[in-house]
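Take a look at the structure set out below.
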Amino acid sequence: MAGAGLWLTAGLRWLLFTGLAVALGGVAGRGLARQHAGSGPAPLPGPWALRASLLGLLASAGLAVQARHGLLATGAGLIAVTELAAFAAAAVLLRLRHPGLSVLPLAAVAGAEGFRAHPERVIPVGGALLTWAHLVPAALWTGMLCYTVRAALAGRAELAAARRLVGLYSRAAGWLFAVTVLTGLTSALVLVPIDSLLTTGYGRVLIIKAVLVAVAAGLAVRGRRWLRPGASPGSAAQAGPALATRLEAGALIVVLAVTALLTALTPPRDSSILPASARPGQQTVRTR
């Protein structure tokens with residue numbers, strides 16, 4: 001049952017992170033796309049922000065059910081309820097066509113995750129801020145890319161417009177990537193001693209995440225070659241963003257899945273502060 005509970009928690013948090021990324025990044029991506037010069041052959045697609053917020057709401061409800069016996073008496077329960085309310089508020093604002101205002105409750109979801117995440121138990125307050133500073137740019141990087149790919153494919157008949165759109169995203173993504181990697185490395189140093197990287201389940205999963213981020217970065221670099229003026233677009237059906245850029249979006253969704261699994265595991269340094277049995281929903285995986 002412990003193993004089943006771990007995977008259920010990880011799955012729900014993956015849905016929550018995906019909902020947050022697609023909603024927050026979709027709203028930001030739509031705003032960025034409106035800045036690209038010229039009118040494309042097709043109107044910009046709407047962000048999937050409302051659907052993503054509802055997905056996050058369902059995931060938060062599932063996490064709240066997991067903590068139902070101490071829903072308002074435990075940290076996990078209070079955080080689940082806060083995230084549920086924040087996603088609900090974002091969904092209402094999006095339904096009322098106020099996407100700009102929906103950013104506030106979506107940012108609150110990231111803030112709540114900061115108080116639930118592992119670094120907060122190692123560095124009170126500072127750990128929550130570190131997680132927030134990592135999760136927000138990671139969500140924006142992923143969600144904005146997903147929206148940009150959709151928008152570029154919708155207007156792929158006009159190659160120049162699609163390239164301008166992906167180029168705008170790429171400049172923003174460079175900064176988002178830098179902040180995500182910097183804060184991710186800082187979190188890793190806080191949570192995992194170097195000698196525990198290969199001897200604990202958390203450390204090994206962290207290595208897998210690092211490899212996947214590196215793969216996404218490599219795909220990003222390769223996909224940006226498509227932006228060069230002399231690059232051949234191939235057939236008209238392939239005039240949208242490069243295949244590498246589309247694969248980058250898929251790789252980032254997988255990164256969110258691995259991140260969700262990490263949140264359900266107990267990092268080595270955290271386990272030395274508080275026994276795993278005292279943290280509902282956290283599991284330790286070690287190699288003897």
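The values are calculated or read from the model by the stated rules, or taken from the named source; none is laboratory data. Being a predicted model, the structure only gives us computed values, none of them experimental. Note that each Cβ is placed from the backbone with ideal geometry, even for glycine, and that neighbours are counted across all protein chains shown. Just the protein is used for accessible areas: all its heavy atoms, side chains included, with ligands, DNA and RNA removed. Shrake-Rupley method; radii C 1.70, N 1.55, O 1.52, S 1.80 Å.
Data for the structure
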{"read-out": "Scan of the stretch 134-171 for residues that are of a type outside the set (D, E, K, R), under 27 Å from residue 108 (Cβ atoms) and open to solvent by 30 Å² or more (accessible area, probe 1.4 Å), ordered by number", "value": "134, 140, 146"}
{"read-out": "Some residue of the stretch 227-239 being modelled with pLDDT under 95, crowded, with 16+ Cβ neighbours inside 10 Å and touching a strand residue (DSSP E or B) at 6+ places or on another chain (Cβ under 8 Å)", "value": "no"}
{"read-out": "Of all residues making up the stretch 176-203, the number that are in contact (Cβ under 8 Å) with a residue 24 or more places away in the chain and either part of a helix (DSSP H, G or I) or open to solvent by 40 Å² or more (accessible area, probe 1.4 Å) (or both)", "value": "16"}
{"read-out": "Given (1) open to solvent by less than 60 Å² (accessible area, probe 1.4 Å); (2) within 20 Å of residue 146 (Cα to Cα); (3) at pLDDT 95 or above, number of the condition residue 51 does not satisfy", "value": "(1)"}
